[in-house]
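What follows is one structure encoded as structure tokens, with my remarks underneath.
Here, each number is a calculation from the coordinates, and none is a lab measurement. Everything numeric in this text was worked out from a predicted model, so none of it was measured. Methodologically, a virtual Cβ is constructed for each residue, glycine included, from the backbone with ideal geometry; neighbour enumeration extends over all protein chains shown.
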Amino acid sequence: MPKTSIPDLVNNAKISLNVQSENKKDVLKQLIQLFEINEEQKDLLYNSVLQREEMGSTGIGKGIAIPHTRSMVVTDIMIAIGCLDKPLDFNSIDGKPVRLIFLIVAPPYGSNRKYLILLGKIAETFQEISADKNLFTTTDVESFKDELCKLFENKDE
Amino acid sequence: MNKQLLLLISLQELDILKKDKKNEEEVGFELEDLKEIEEARVKIVSELPDHLYRKYTRLTKRYGNAVVPVVNNICQGCYLVFPTQMISPEQKNETVTTCPSCGRILYWAD
């Protein structure tokens, strides 16, 4: 099994640092738009992400959400990251609005361990920090990636 | 995309969600009961022709996954390399096609 490298995934992630949205569905749609897939595939992915959200919010607290799904439309793990201009209600476990969203999509076939390990590492890392602390003050995507990679350094074992 | 293929993909993605529930809970996510997912599944099954649902069920039982993507002309279920002339670009995902080797239902992902 290939090693799960979060910095590699972060470096290849699609990132928007000024997402403007008033509701959860719209922000998910905006993040899916960042992926380089066709419109039909975006619709499939959107439905899959929404169905997962119906099973339970992926707002893990502290202003962070990790919506995720496994979908036929991707051939490898893909990530889109959005920083919201205005905090948004995401039905998070702590009731706090969300400012940082990690959308993770993995293919449905093959081992699901890589995907689950990634989900676990991201959730664990963010449980130790808070997006409320202006951690991501940069408006530059490359600097943002660097900050994020530093956060995950100790978790990427 | 062919409507029946779309339904088959949606059905499989719902089944994967159900299967992942336990693993996700181990990672720390809190998931509720599967009522909405079950209702969505019943709706999809009602829209699928019987023979395709039977095929889906049979393939899932045999392989664990009934629908697989084709990437670079390779079936991601059994890794058979398809000849380029097997299907024209216009026909991809416009019919329900099965792999001539493993019989899984194919979705052209690229």
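Scanning region B:78-95 for residues that are within 14 Å of another protein chain (Cβ to nearest Cβ) and touching a residue at least 40 places away in the same chain (Cβ under 8 Å) yields a count of 2. Screening A:I32 against (1) in a strand (DSSP E or B); (2) of a type in the set (A, V, I, L, M, F, W, C); (3) in contact with a Leu (Cβ under 6 Å, 6 or more places away or on another chain) leaves a single unmet condition, (1). Residues that are in contact (Cβ under 8 Å) with a residue 12 or more places away in the chain, among the hydrophobic types (A, V, I, L, M, F, W, C) and either within 13 Å of B:D110 (Cα to Cα) or away from every other protein chain (no Cβ under 11 Å) (or both) within region B:67-77 comprise B:V68, B:V70, B:V71, B:C75, listed in sequence order. Residue count for region B:1-56 satisfying the condition of being acidic (D, E) and more than 12 Å from chain A (Cβ to nearest Cβ): 2. Any residue in region A:40-48 that is buried (at least 22 other Cβ atoms within 10 Å of the Cβ), among the small types (G, A, S) and in contact (Cβ under 8 Å) with a residue 12 or more places away in the chain? Scanning region A:40-48, I find at least one residue that is buried (at least 22 other Cβ atoms within 10 Å of the Cβ), among the small types (G, A, S) and in contact (Cβ under 8 Å) with a residue 12 or more places away in the chain, so the answer is yes.
If I ask for residues that are crowded, with 18+ Cβ neighbours inside 10 Å and either among the β-branched types (V, I, T) or part of a loop (DSSP other than H, G, I, E, B) (or both), which ones from region A:78-107 would you list? Listed by number, the residues that qualify are A:I79, A:I81, A:F90, A:S92, A:K96, A:V98, A:I101, A:I104, A:V105, A:P107. Which of (1) in a helix (DSSP H, G or I); (2) loosely packed, with under 14 Cβ neighbours inside 10 Å; (3) touching a strand residue (DSSP E or B) at 6+ places or on another chain (Cβ under 6 Å) is the odd one out, the single condition B:E38 does not satisfy? Looking at each condition in turn, B:E38 falls short on (3).
Here's a check for you: in region A:35-51, which residue that is among the aliphatic types (A, V, I, L, M) and not in a loop (DSSP other than H, G, I, E, B) is farthest from the chain's Cα centre (by Cα)? Looking at residues that are among the aliphatic types (A, V, I, L, M) and not in a loop (DSSP other than H, G, I, E, B), I get A:L44.
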